[in-house]
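I have placed the structure first, in the form of structure tokens, so that the comments after it can refer back to it.
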Amino acid sequence: MEINFKRVHTGKDLSISTIVLLSGIGLFFLNKGLGILIAVCGVILLLICKKGYRKDGQGPVLTKKSEDLCKACKNSIVDFLGGKDVTPVIRKGNEGGSVRLDVFFNEAEGVAYAQLYDYCNYIYEPVTEVVELKGDKAAVLIGQL
């Protein structure tokens with residue numbers, strides 16, 4: 001089963017777009033051209049600016065974090081995502097090669113989705129599928145990012 005993440009608005013996105021739109025409307029009474037321009041910018045922000053993610057369009061709003069890690073960390077992360085009871089070793093950098101860890105998480109809900117990629121032949125190739133982590137396992141991974 002493939003997990004897809006849909007981009008959605010966060011509260012911060014909506015508040016910034018609304019502030020810009022209302023500023024444009026207020027400025028319209030002082031300078032019509034500039035007010036219209038800023039109001040249009042607010043509408044465009046409302047349509048385009050989406051920083052959050054949701055799993056298949058449902059559930060809590062997730063934050064995405066991607067980290068480039070040393071290749072020496074690969075085995076411990078694969079074991080952790082595979083369900084073994086190990087603590088993942090996460091060292092940032094590209095010493096000895098690099099792997100990329102993509103994590104979609106919501107710390108308040110205690111849920112995370114992680115996938116590991118290996119960098120070879122100038123592209124990132126998936127090493128693992130998207131793995132859902134809940135509770136303590138999600139907290140351990142989020143805490144190390």
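The values are calculated or read from the model by the stated rules, or taken from the named source; none is laboratory data. This is a predicted model, so every value here is computed, not measured. Heads up, the Cβs are rebuilt from the backbone with ideal geometry, glycines too, and the neighbour counts pull from every protein chain shown. For the accessible areas, the whole protein counts, side chains as well, though only heavy atoms, and no ligand, DNA or RNA atoms are used. Shrake-Rupley method; radii C 1.70, N 1.55, O 1.52, S 1.80 Å.
Quick look at the values:
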{"read-out": "J(HN,Hα) series, the range 96-108, from Karplus relation 6.51 cos²θ - 1.76 cosθ + 1.60, nearest Hz, glycine and proline x", "value": "x, x, 9, 10, 10, 10, 9, 10, 9, 9, 9, 5, 5"}
{"read-out": "Sequence-distant lysines (8 or more away, or on other chains) whose Cα lies within less than 16 Å of residue 55", "value": "6, 64, 65, 134"}
{"read-out": "Whole-Hz ³J(HN,Hα) from phi, Karplus 6.51 cos²θ - 1.76 cosθ + 1.60, for the range 26-34, glycine and proline x", "value": "x, 6, 4, 6, 9, 9, 4, x, 5"}
{"read-out": "Of all accessible heavy-atom area on the chain, the percent that carbon and sulfur account for (1.4 Å)", "value": "57"}
{"read-out": "Solvent exposure of the chain as accessible area per residue, Å², 1.4 Å probe", "value": "62"}
{"read-out": "As computed over the range 88-127, the Cα convex hull volume per residue (Å³)", "value": "87"}
{"read-out": "Relative contact order, percent, the chain [alpha-carbon distance under 8 Å, six or more residues apart]", "value": "18"}
{"read-out": "Rule-of-thumb Rg ratio for the chain [Cα; 2.2 N^0.38 Å; N residues]", "value": "1.38"}
{"read-out": "Most positive-pole-ward Cα, 48, 58, 24, against dipole of the range 23-71 from beta carbon charges", "value": "58"}
{"read-out": "Value at 222 nm in deg cm²/dmol, rounded to 500, when DSSP H runs of n ≥ 4 in the chain each add -39,500 (n - 2.57)", "value": "-11500 deg cm²/dmol"}
{"read-out": "The range 1-46 - Debye-derived log10 I(q)/I(0), Cα point model, q = 0.32, 0.33 Å⁻¹", "value": "-1.01, -1.04"}
